Amino acid sequence: MTLTIFRCGECGRGAFPEPLLCSRCGSDGFVTASVDRGVVEHTTRVVNPHHAVLATLLVAPEVRVVAALRNGAFAPGETVQVTSDPDVDGRVAYVPASSGSEVQEEERT
Amino acid sequence: MAAASIIAASETSYTRHPSPSETTHRVLARAVRDAITQSGLDHRQIDGFGVCSFTLEPDHAIDLAWRMGLKVRWLMQDTNGGASAGNLLQHAVHAIEAGAASAIVLVAGDRMDAAAFEKLVTRYNRATEEHLSPLPLTGPNALFAMLTTRQMEERGLEPADYGRIAVAQRSWAGLNPGAVYRQPLSLEEYFAAPMVADPLRRYDCVPSVTGANAVVVVADDRATGMPRARVLGVTSSFNRDDQGGNGLVTGVAESADAAWQSTGVAPSDIDVLSVYDDYPAMVVAQLNDLGVVHASDTSRFIRERVATRDYALNTSGGQLSAGQAGSAGGMHGLVEVVRQLRREAGDRQAAKARIGAVTGYGMVLYRYGSCGNVTVLEAAA
């Protein structure tokens, strides 16, 4: 299960979480885009809970998300697989998905 | 010519562990009562009221006005946490300029125990609920840990630079009977403290407390002869970059440009400064944003001016040592600068305290704070 981000239907600017109006052109028309990879920019290990590793990922131009890195060491600059499925196993970056998006169209990126 | 002045500034006692009978409403009311008493005004002379609190629900500003017997013609509720004091003050000054009110009480605070804090940080906004709370993190520590790493990389800082800020603020707190942590802190103890989210250690993270702060703002021409903090300007910035940047430049930068231009005050004129200090990295960011020190010179400034307490920065101990009373975080700094300008700061009184500045910063929408403001004040009597 990939991560869904949002693109303005008018100017193409990416966004996450789901916007209401485009910050660049003001349009309210968005399409979704499925993202399955991101680049690790920074990480931190939180002591509580369970020494989890959190990361900032760049998943599209100007679109950064906060993720939990699972099952492995990840270095800044590394490209990682991204999922919004909380139950997926493996060496992935988990980004919780939006609920109740009304954007229907979808494109692959 | 300034239109408004702050003639009273109060802070309730701050506590890490509120009694079971303590409520947000009561702690806000104590701050309001103390501020009105200090102002010398009669309760019935207050004709404007503004509040910010994270834990007021289901009540609103009007409920508090009613329960405190305030009959007003200007009423405001702000929701912007660490930026609320500047925001409330900006609107209050405008109200006084417009004749909508002449004596306004502003208050911010919360009963912030462990349960209230957890509820606040897990349901802070919709983005937090959906995209952060399902992750293995509680509150913003991990976000500011990554921001601190970015700042170290970009500005050539080291963990000791942040430690020196925490240690210096603890030294100031030792001179403030109202701070919750007053015992001296050494750099060795700072580094020996448990890691929270690398590179943040315990003393990098603001302690949550219960408490409230309040100020009384009046038309300047009715405050003649009173020791007061004249409001030279309040400027704000909201959502400067859609959370798409690195968070190292805050809304304080734009606010500062506007503040120096509109007031004619320069960063070098500041005698006493409170910057919003939820983490030492944000102290650094705002010192740079204000133009107090250039980014490339930050480490030297911390060593030579901040660590030595030569520069009157966060003289209450800041939130890092005095405590963060929920949404009173921004007003804590305002109250401290007003006390300094009124020369009421006791053992920590700055020798020269003519021009004061206060920043507000807050509302982590997803990755970092989105609101920033700058207040410029001048001592008058």
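The values are calculated or read from the model by the stated rules, or taken from the named source; none is laboratory data. Since we're looking at a predicted model, the values are computed, not measured. Quick reminder, even Gly has a Cβ in these numbers, built from the backbone with ideal geometry, and neighbours come from all protein chains shown.
Candidates in the stretch A:87-97 are the residues that are surrounded by 13 or more Cβ atoms within 10 Å (Cβ to Cβ) and either in a loop (DSSP other than H, G, I, E, B) or free of Cβ contacts under 8 Å to residues at least 24 places away in the same chain (or both); of these, the one that is farthest from the other protein chains (Cβ to nearest Cβ) is A:V92. Looking across the stretch B:317-335, just one residue is in a loop (DSSP other than H, G, I, E, B), touching a strand residue (DSSP E or B) at 6+ places or on another chain (Cβ under 9 Å) and not aliphatic (A, V, I, L, M), and that is B:G323. If you go through the stretch B:336-361 and keep only what is among the aliphatic types (A, V, I, L, M), assigned to a helix (DSSP H, G or I) and either under 13 Å from the mean Cα position of the chain (by Cα) or in the same structural domain as B:S10 (by TED's automatic domain parsing) (or both), you end up with B:V337, B:V338. The set of residues from the stretch A:61-84 being in contact (Cβ under 8 Å) with a residue 40 or more places away in the chain and surrounded by fewer than 19 Cβ atoms within 10 Å (Cβ to Cβ) comprises A:P61, A:E62, A:T79, A:Q81.
Quick one: how many residues across the stretch A:15-60 are farther than 23 Å from B:T138 by Cβ and either in a loop (DSSP other than H, G, I, E, B) or more than 9 Å from chain B (Cβ to nearest Cβ) (or both)?
Initial filter on the stretch A:15-60 (farther than 23 Å from B:T138 by Cβ): A:15, A:18-39, A:58-60.
So of that shortlist, the ones also either in a loop (DSSP other than H, G, I, E, B) or more than 9 Å from chain B (Cβ to nearest Cβ) (or both) come out as A:18-39, A:58-60.
Qualifying residue count, the stretch A:15-60: 25.
Of the helices (runs of 4 or more DSSP H) entirely within the stretch B:207-316, those holding at least 1 residues that are acidic (D, E), without any contact (Cβ under 8 Å) to a residue 40 or more places away in the chain and assigned by TED's automatic domain parsing to the domain that holds B:V167 occupy B:251-263. A single member of B:D241, B:D269, B:D198 is modelled with pLDDT of 95 or more and within 14 Å of chain A (Cβ to nearest Cβ), and it is B:D198. Applying the criterion of being among the small types (G, A, S) and more than 10 Å from chain A (Cβ to nearest Cβ) to the residues of the stretch B:140-160, the residue that is surrounded by the fewest Cβ atoms within 10 Å (Cβ to Cβ) is B:G156.
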